Amino acid sequence: MKDLQWFPPIPEPRAASARPIVWSVVAGAAFGCLLFSRGHRILAFVLWLLTFLLALGLSFHSLRRHLLRAFDWLGAATGRVTTLAVLWPFYVLVFGGIRLALSAARIDLLGLRLHREQPSYWRPAAPETKRAKYYEQLFTVEPAREQSHLFAWTIGILAFCLLLAGSSELILRSMGFGNPIVYRVDPRIGYYPAPHQDVHRYGGEIHINAFGMRSRDVAAEKPAGTFRILMLGDSTLYGGSYIDQNQTYAARLEDLLNQNPGELPNSPRHVEVLSMGVNGWGPQHELAYVQAFGLFHADLVMVMGPPADAYRPLYGIEHFPFFAEGHRPDFAWQEFWKHVWWEYKERFATPELTVYGSPQPQDVLAFGVVAWYDIALMARKQNTRVDFEFLPNEDEARQGRASESTQPILDSLLTPLTRWGAFGAFPVSFFRSNLGVPKLYHDGAHLDVSGHRIYAQYLRKRVLQVASAE
């Protein structure tokens, strides 16, 4: 029987490799840096927190494994020392001495046939094949246990994936993902925010009125005794979802002017600032919008944004991580991965797949600047003043001058507009003098909270100057 393997061999458990977890930690930290550089600070901090917890769990797991190995080695060493010090001398001296004494006296207590005439307790064993069938029926077999472990691992992995998906969905929902601003697709305008939306996103409140503006609800007809300003622009006017609506420079300008509206011509009782700023818009979008909706009987039309907006053609939302009206995502992960894919295309895709490209200077003059001319002419026909307030980016503010791509736009636009009685400004010196203010720029092109506040104070002076000019 000693050559029969009673129990099937139990395989040694393989230690789980830490490499996938380590790479997950590295990837999470790197992706968090990418999100932080693109302005998604809250999402980056959440990802860094999850990465830190994963790394902490990995550290505890590795430490626990090394401690268990150390205790195993210590226990095994203690057992060997005890055997050598206590049991080995006892068995050698006591049992060895007794065995030698019995052998010398020719006493056979176990019937080992020291005397042939003495009966033996040992009998011939049955064949091994016969013994194996009998003994295998007495014990469970290893394959059944492996199947049960596989089933348990499968259930555990599925439960972990569901828990991870559910928790991440809740985190993304709390940050505003899954409930984005949706856009109305228009063949003339390209796109603009769908009317009547209220969204809390990235910590900022967003309200879209009946005309697609990020402004409070207004009537198409201007109320009596009201001085109305219509602002047209891109994402710098929109303010971004990280800026609460009442902190945008359009809302702040309205509050500043309403503190003393009598300073404006004809001493109005109230001032309204209508903010029609849309992410990714260019001059052709702005012109098409006022052609479709009119100027809302504004006393002053202000075109806002960087001069480089003239390089933007009339496109739709197909190149942006935006959702069309009626196609709001069901899950926050849908919007999150759409933003990730868009970021990848903007950073690493070929120029043919990106939005802006590099149009020739004559194309800029023919389309972008001419569209701004048309807005000024349309306002002039309605006896409405026009002011072009071009916003310098952070690099231009630091250098104190317009960039090489910006200067041709300013040269081809500001001088003719002045001849037509319009106004324009590129306040690079103003922003350069305020570069020491914390949170002036959010990402080099868009203003942050302090930037919106300071710019609103500057715009108040400009509105009073333009409105009172002869």
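No value in this document is a laboratory result; all are computed from the given coordinates. Because the structure is predicted, anything quoted here is derived from the model rather than measured. Backbone-built Cβ (ideal geometry, glycine too); neighbour counts: all protein chains shown.
To the nearest 0.05, how large is the calculated FRET efficiency for F430 and F71 if R₀ is 51 Å and r is the Cβ-Cβ distance?
0.15
Between A324 and N246, what is the label-point separation in nm under the 7 Å Cα-to-beta-carbon projection?
Simple spin-label model gives 3.7 nm for this pair.
Taking 0.36 nm per intervening residue step and subtracting the Cα-Cα distance, what contour gain separates L170 from I157 on full extension? Don't skip to the end; give the middle numbers.
Details: separation 13, 0.36 × 13 = 4.68 nm, distance 2.00 nm.
The L170-I157 span can extend by a further 2.7 nm.
Neighbouring Cβ atoms within 10 Å as the yardstick, rank C33, C161 fewest first.
Fewest-to-most ranking of C33, C161: C161, C33.
Test of understanding: what is the full-extension gain from K381 to N266, defined as 0.36 nm times their sequence separation minus their Cα-Cα distance?
Numbers: separation 115, 0.36 × 115 = 41.40 nm, distance 2.07 nm.
In short, 39.3 nm is gained.
Taking the Cβ of L459 as the center, what net charge do the other residues with Cβ under 10 Å away carry, scoring Lys and Arg +1 and Asp and Glu -1? Before the final figure, lay out each step's value.
Numbers: positive: R252, R460, K461, R462; negative: D387, E389.
Around L459, the charge tally is +2.
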